[in-house]
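Below: one structure, written as structure tokens.
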Amino acid sequence: MFLSLLVTMPAWGQTTVIKRTPKSSQPAKKGSTSTKPVAQKPAEQKLDRSSIERIVQQLIANMVYVEGGTFTMGATSEQGSDPDGDEKPAHRVTVSSFSIGKYEVTQEEWKAVMGSNPSVFKGAKRPVENVSWNDCLLFISKLNSMTGKRFRMLTEAEWEFAARGGNKSKGYKYAGSHTLDDVAWYDSNSSRSTHDVGLLAPNELGLYDMSGNVSEWCSDWKGLYGSESQTNPSGPASGSYRVDRGGCWLSDAGLCRVSFRSNFTPGLGGRILGLRIAL
């Protein structure tokens, strides 16, 4: 059986999966009937019904209303010389009002809906990770069945509008500050791991960890920007890669900027990828 390790290359949108075969155990000595016992992985503890209901209700209570507005999306002046080509040209975008999760979806929330926790860095209040875009779609479908609501992924435009602080934006380079350590877990302060959500400062809308911790899947296929103004853009009709935003615990500072764009194939789940929901 193979062990797969996700390795992120210097160009954030490029990944490779390294597979290695575990070392085989030494053959038993001739005539020996003893075998080395295999350690069994502890069974994951299930949540009871009352805990599931409490967790899901708290998830709903943590949705934050974002009043719609118009903003400049992409390589704006506060981003300096950092933007990549796919962040250009900067262009005007209008989004309608929506609600967004105050926090990234946590592991206990994922488990309450899906029944198990796929994350590498375990912790009930840590963001769920190691989930693909397809996994997230299934999570949202099950959450909607449980609640009767219409949760969804954020569009890329909604994500950037919210990360910038919506109509309360102060023009920060990162989500809530020009100083990344104030608002994000990234390669210089994360100790190479995720952290519980909500420990650092929020942005202007009261949203936590929109820079760093885990990169958040969006609904859009990856596409190029145009210079024309747009209203509620949702990306190309088809493509090969889905957008993720915000950078993560493994990212350098440049990848945690509010305009930085990343993308992966929708079937890929890695320890850097999580989600934040919209309504």
- Message: Quick check for you: which residues of segment 81-102 have the amide N under 17 Å from the point 7 Å beyond the Cα of residue 227 toward its beta carbon?
- Response: 85-93
- Item | Packing-based order for 85-95, 210-220, using average beta carbon neighbours within 10 Å, highest first | 210-220, 85-95
- Task: Would you mind calculating the gained length between residue 144 and residue 45 on full extension (0.36 nm times residue separation, minus the Cα-Cα distance), in nm to one decimal?
- Result: 33.3 nm
- Gap separating the Cα centres of segment 171-205 and segment 211-279, nearest whole Å: 17 Å
- Query: What ranking, highest mean first, results for peptides 144-153, 200-209 when packing means the other Cβ atoms within 10 Å averaged over each residue?
  - Reply: 200-209, 144-153
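How do the peptides 69-78, 256-265 rank, highest first, by the average count of neighbouring beta carbon atoms within 10 Å per residue? Walk me through the numbers before you get to the answer.
On the way: 69-78: 16.7, 256-265: 24.3.
Those peptides, ordered most packed to least, come out 256-265, 69-78.
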- Item | Inter-label distance, nm, simple model (7 Å from Cα along the C-beta direction), residue 53/residue 82 | 4.5 nm
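Take the cross-link list 46/122; 88/222; 46/125; 102/168; 46/102; 125/222 and give me the ones stretching past 24 Å between alpha-carbons.
On the way: 46/122 15 Å; 88/222 14 Å; 46/125 16 Å; 102/168 16 Å; 46/102 26 Å; 125/222 30 Å.
Exceeds cut-off: 46/102; 125/222.
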- Rg (Å, one decimal) plus Dmax (Å, integer) for the alpha carbons of segment 48-278? 16.3, 52
- Message: For a Förster distance of 30 Å, can you work out the FRET efficiency between the beta-carbons of residue 91 and residue 182, rounded to the nearest 0.05?
- Response: 0.55
- Amide H proximity to residue 99 below 5 Å, modelled H, separation 5+ or other chain, gives 66, 279
- Message: Between residue 67 and residue 125, what's the calculated FRET efficiency when r is the beta-carbon distance and R0 is 35 Å? Round to 0.05.
- Response: 0.80
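All of the numbers you see were taken from the coordinates with simple rules; none came from a lab. Since the structure is predicted, the reported quantities are computational estimates derived from the model, not experimental observations. Because the Cβ atoms are built from the backbone with ideal geometry, glycine has one as well, and the counts that use them run over all protein chains shown.
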